[in-house]
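Readers should treat all values here as calculations from the given coordinates under stated rules, not as data from a laboratory. Everything numeric here is computed off the predicted structure, so don't read it as measured data. Ideal geometry is used to build each Cβ from the backbone, glycine not excepted, and the neighbour counts take in all protein chains shown.
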Amino acid sequence: MKSKNIAEGSFSEILIEEGFFVLKIQNDTPQIQKVTRDINSSFIQFHFCLKGGSKFIFNEGNYALDVSEENSLLLYNTQIDLPLNLELPPNSWLVSVVMTIRKFHSLFSREADYIPFLSAENSHKKYYSQEGFSPAIAVILSQMINYNLHPSIKELYIRGKVYELISLYFNKSDDADIEQCPFLVDEDNVRRIRQAKEIMISRMAEPPTLAELSEEIGLSLKKLKEGFKQIYGDSVFSFLFDYKMEYARKMLETGKHNVNEVGLRVGYSTASHFISAFKKKYGTTPKKYLMGLATN
């Protein structure tokens, strides 16, 4: 396993077997993080954006694909190399699974027709697919990012999780029995936690307390706190604070709102409280931030 820290970000490459590896990329810094890696045309790529966003750049910068939070990107092209050239915005997490096409075919050799792009007429064509992923996949990705295991079994753990991830990625059935599958109970919890996030965002000026939020989504306070931290990498109110500050910053940049208006929109009754919060997040006041933009 190769890994390195970049400021508060990190990049890990875990070899599952020859021609099959996993990348874990976390950018917890306030700057855009750039990651590059050679990947040739013999590989198929699955990229999962668990948090924040990511931009995939191709053809020497002439083309880019944005992948937002809770979305995936599949890349497959036997005709040209598709090296990884990635820009990860602040507070973004990405998990990528890369394997040779030969290895991938072997996983589904008995059921190749089940996978749309593995049919005979498509096997030598390019295939790009971008779609949202299920809460069950979000659970696995969170487990792959956040685990506390003895170093001797980390690679075994990731190997198991990556096979589980690929299986669920191609599983389109909704017939599973939740009573027989404890994992789907976790999936239901993830749906509720996503609902909690949307509630906090939609009512950011007057958010509910954690107890009220817990009751509204039908999840215990303990599961809400633990689940939110696991999926979004932060506590509920720390996540909300970051969201409010980013929302405020974008409002200010439009030039259509003064500091008082922006502060009220994100839930601060006085300008001084908003200015203090903005400075805590960005290290400068809203006025100085705008002056800096004007200078640049």
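With a sphere of radius 12 Å drawn around the Cβ of residue 250, what net charge do the other residues whose Cβ falls strictly inside it have (Lys, Arg +1; Asp, Glu -1)?
Details: positive: 244, 249, 256, 265; negative: 246, 253.
The answer is +2.
Tally Lys/Arg at +1 and Asp/Glu at -1 over every other residue whose Cβ is under 13 Å from the Cβ of residue 147; what's the total?
Working: positive: 24, 154, 159, 161; negative: 155.
For residues surrounding residue 147, the net value is +3.
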### Task
Can you tell me how much longer the chain between residue 291 and residue 206 gets when fully stretched, taken as 0.36 nm per residue apart minus their C-alpha distance, in nm with one decimal?
27.6 nm
### Query
What ranking, highest mean first, results for peptides 208-216, 82-90 when packing means the other Cβ atoms within 10 Å averaged over each residue?
82-90, 208-216
### Tail fraction, Cα-Cα pairs, the stretch 182-233, threshold 15 Å, whole percent
41 percent
### Task
Along Cα→Cβ, 7 Å out, is where each label goes; now give me the distance between the ones at residue 127 and residue 105 in nm to one decimal.
1.2 nm
### Task
Give me the net charge of residue 218's neighbourhood, meaning all other residues with Cβ under 11 Å from the Cβ of residue 218; Lys, Arg count +1, Asp, Glu -1.
0
### Task
State, to one decimal in nm, how far the label point of residue 40 lies from the label point of residue 216, with both points 7 Å from Cα in the Cβ direction.
5.4 nm
### Query
What order, most packed first, do the peptides 235-242, 55-62 have when packing is the mean number of other Cβ atoms within 10 Å of each residue?
235-242, 55-62
### Task
Would you mind listing how long the stretch 246-295 runs along its three principal axes, going by Cα atoms, in whole Å with the largest first?
30, 22, 16
### Message
Give me a comma-separated list of calculated 3J(HN,Hα) values for the stretch 224-237, in order, Karplus coefficients 6.51, -1.76, 1.60 applied at θ = phi - 60°, integers in Hz, x for any Gly or Pro.
### Response
4, 5, 5, x, 4, 4, 5, 7, 10, x, 7, 6, 4, 7
### Query
Using 7 Å Cα-to-Cβ label points, what is the residue 74/residue 258 separation (nm, one decimal)?
5.4 nm
### Summary
Taking a ≥ b ≥ c as the square roots of the eigenvalues of the Cα gyration tensor, with a/c under 1.5 meaning rounded and otherwise prolate when a/b exceeds b/c and oblate if not, the stretch 200-296 is prolate
### Query
residue 247 to residue 59: FRET efficiency via 1/(1 + (r/R0)^6), r the Cβ-Cβ distance, R0 35 Å, to the nearest 0.05?
0.55
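Shape verdict for the stretch 223-264, please, from the Cα gyration tensor: rounded (a/c under 1.5), prolate (a/b greater than b/c) or oblate. Mind showing how you got there, number by number?
Details: a/c = 5.82, a/b = 3.21, b/c = 1.81.
Note, shape of the stretch 223-264 comes out prolate.
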